[in-house]
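*Asks:* After the structure tokens below, expect a handful of questions from me.
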Amino acid sequence: MSLKERSYSVLVVSGSEKFNTAFAALLPPSEYQPAHIAASASEGKRCLAERSFDFVIIDLPLPGESGIRFALDCCRSPATVVFVLARNDVYEELYDKMVSHGIFSLPKPTSRAALAQALRWMASARERLRALEEKTLSVEERMEEIRTVNRAKFLLISELKMTEPAAHHYIEKYAMDRCISKKDAAQDIIQKYS
């Protein structure tokens, strides 16, 4: 699937109205939807409590706080890509704190082209996270199937006095005869003997 077919949800957290206006121009609704703007870390936290976002863009410093803690907190969601803009005089120090958490960053001032490129990097990172989420989900589904089949085997062993290989063969044959998955066959057996 092409990245152009994707739409990313974005949370921009900045106390600068000028930055918010300029950055919003980089977020066409066809690619970045919904796009929310929060004026402080506390407002950003409220937005994150209501829903998850693909991207969180933070313009430091934030009103009333440095925003570093907020940026690190945003990384707790495994599906969120975080990007921080920091003043040039503090950028190196912040970079060292954030890089190990996978936070993208750029020093300010920066160009519109650099911000657009950063959005493309974030899209690439988000797609990689999405692929890992799908892989994790399929592993979890497989583990659930194994647990269900094992439970059915245990019931066949205890109720019908089968051996483990015989119970395994019984479940496979049951699934094949009915044209259903092994997990569905195991669930039928569990229902019958529980």
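*Asks:* Between the alpha-carbon centers of region 33-90 and region 155-185, tell me the distance in whole angstrom.
*Replies:* Here the two parts' Cα centres lie 51 Å apart.
*Asks:* Sequence-distant or interchain residues sharing an amide H contact under 5 Å with Val81, placed H: which?
*Replies:* Here the answer is Phe55, Val56, since their amide H atoms fall under 5 Å of that of Val81.
*Asks:* Hey, another quick one. Using R₀ = 22 Å, calculate the FRET efficiency as 1/(1 + (r/R₀)^6) where r is the Cβ-Cβ separation of Asp89 and Ala116; round to 0.05.
*Replies:* On the way: r = 24 Å, r/R0 = 1.11.
Given R0 = 22 Å and the Cβ-Cβ separation, E is 0.35.
*Asks:* Here's another thing I want to ask about it. Given the pairs Lys18/Lys97; Lys18/Lys45; Lys45/Lys108; Lys18/Lys135, which span a C-alpha to C-alpha distance of over 29 angstrom in this model? Please list the in-between numbers first.
*Replies:* Values: Lys18/Lys97 27 Å; Lys18/Lys45 22 Å; Lys45/Lys108 24 Å; Lys18/Lys135 41 Å.
Result: Lys18/Lys135 exceed 29 Å.
*Asks:* What's the whole-number percent of alpha carbon pairs in region 3-110 lying beyond 20 angstrom? Mind showing how you got there, number by number?
*Replies:* Values: 2016 of 5778 pairs.
Everything past 20 Å amounts to 35 percent.
Coordinate-derived values only; no laboratory data. Since the structure is predicted, the reported quantities are computational estimates derived from the model, not experimental observations. No Cβ is skipped: glycine too gets one built from the backbone with ideal geometry, and neighbour counts run over all protein chains shown.
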